[in-house]
1. Testing Ile177 on (1) in contact with a Ser or Thr (Cβ under 9 Å, 6 or more places away or on another chain); (2) of a type in the set (A, V, I, L, M); (3) farther than 28 Å from Arg89 by Cβ; (4) touching a residue at least 12 places away in the same chain (Cβ under 8 Å), one condition comes back false. Which one is that?
2. Would you point out which residue out of Ile177, Ile206, Ile173, Ile230 is more than 18 Å from the chain's Cα centre (by Cα) and not polar (S, T, N, Q)?
3. Given Ser270, Ser252, which one is more than 20 Å from the chain's Cα centre (by Cα), surrounded by 17 or more Cβ atoms within 10 Å (Cβ to Cβ) and modelled with pLDDT of 95 or more?
4. Within region 180-203, track down each residue that is free of Cβ contacts under 8 Å to residues at least 40 places away in the same chain and surrounded by 23 or more Cβ atoms within 10 Å (Cβ to Cβ).
5. In region 155-166, is there at least one residue being modelled with pLDDT of 95 or more, surrounded by fewer than 18 Cβ atoms within 10 Å (Cβ to Cβ) and touching a strand residue (DSSP E or B) at 6+ places or on another chain (Cβ under 7 Å)?
6. Looking at this structure, is Asp76 acidic (Asp, Glu), under 19 Å from the mean Cα position of the chain (by Cα) and under 28 Å from Ile111 (Cβ atoms)?
7. Take Ile206 and decide whether it is free of Cβ contacts under 8 Å to residues at least 24 places away in the same chain and over 22 Å from Gly44 (Cα atoms).
8. Say whether the condition of being surrounded by fewer than 20 Cβ atoms within 10 Å (Cβ to Cβ) and more than 30 Å from Lys113 (Cα to Cα) is met by at least one residue in region 15-22.
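The values are calculated or read from the model by the stated rules, or taken from the named source; none is laboratory data. Given the structure is predicted, the values throughout are model-derived calculations rather than measurements. Note that each Cβ is placed from the backbone with ideal geometry, even for glycine, and that neighbours are counted across all protein chains shown.
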Amino acid sequence: MASTHDYEFDKRNEDIQVHINGEFFHRSEAKVSVMDSGYLLGDGVWEGIRLHRGHLVHLDEHLDRLYAGAKAIAMDIGLTREGLVNALRDTLERNGMESNVHIRLIVSRGIKKTPYQSPRVTIGKPTVVIIPEYKKASEEVKERGITLATVKTRRDHFVQDPKINSLSKHNCIAACIEADRLGVDEGLMLDPHGFVSTCNSTNFFIVRDEEVWTSTGEYCLNGVTRGAVIRLCREYDVSVLEKNFIPKDVHSADEVFVSGTFAGVIPVISVDGNKIGSGTRGPATKNLQDWYALDIDKRTVG
């Protein structure tokens, strides 16, 4: 099976230095307490950020989402934006990293005096972890594409706000487990009303009659790359609509693709056993891959 997170193995990752609250630890020694809110409850927020040719891609957008998510769960990150950016850059410098790096930035509420959910029993400052890895997305997956199936797990507001990039990923994990059992690469998730929302780890798009459709965004993580794809469609005069649509519209689409920070734009060749278009990457998807890569290159420094 393929994955939007497939990457080329890099032995250098065995010796990376991980940032934990301002200190650095070898990967094998990097640990947080069993009393940490993130470990106990998944209480916190996170971002995945790419380093490309010395440039932290869409950094402002990622930090906007991180701080907005923290505010939504009444959590103080404990660092200013400048302080967090300095921590990211210190981590990259410590590891001598310049490009083809994926960073997982994690902030939990901190240490608790007892394993209980209330933030009132938190006694420590927020725990800030930065894990950088050399990761180059699989070119094969970008060309060959992935398969999807509609899963029963829904994206809704009844359990948690799907727009928050929370450490608690049970909803998405449940969808991922369903997808595995169905023998596909990712699960296509619907909203409470039966409209297409998102995938378990990526945002979702279809192409119909030269229009690009994606969900309204009400019940999905408002992905940074999703936003970039919508912007690029408008810049290149491609009609893009954020609207409600159903799986039947997907099955008869001309093209389907997904987006994410790590891999960018990935084609989808089948959904629920229905071949999409010719069963290969379509021209609109290829154009968006090229436009996205060019857009990222334009943002690099040096």
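1. Of everything listed in (1) in contact with a Ser or Thr (Cβ under 9 Å, 6 or more places away or on another chain); (2) of a type in the set (A, V, I, L, M); (3) farther than 28 Å from Arg89 by Cβ; (4) touching a residue at least 12 places away in the same chain (Cβ under 8 Å), Ile177 misses just condition (4).
2. Working: Ile177 fails: more than 18 Å from the chain's Cα centre (by Cα); Ile173 fails: more than 18 Å from the chain's Cα centre (by Cα); Ile230 fails: more than 18 Å from the chain's Cα centre (by Cα).
Answer to the selection: Ile206.
3. Unique residue meeting the criteria: Ser270.
4. Within region 180-203, Gly187, Met189 meet the criteria.
5. Going through region 155-166, the residues modelled with pLDDT of 95 or more turn out to be none.
Checking region 155-166: not a single residue is modelled with pLDDT of 95 or more, surrounded by fewer than 18 Cβ atoms within 10 Å (Cβ to Cβ) and touching a strand residue (DSSP E or B) at 6+ places or on another chain (Cβ under 7 Å).
6. Details: acidic (Asp, Glu): yes; under 19 Å from the mean Cα position of the chain (by Cα): no; under 28 Å from Ile111 (Cβ atoms): yes.
No: the conditions fail for Asp76.
7. The answer is no for Ile206.
8. yes
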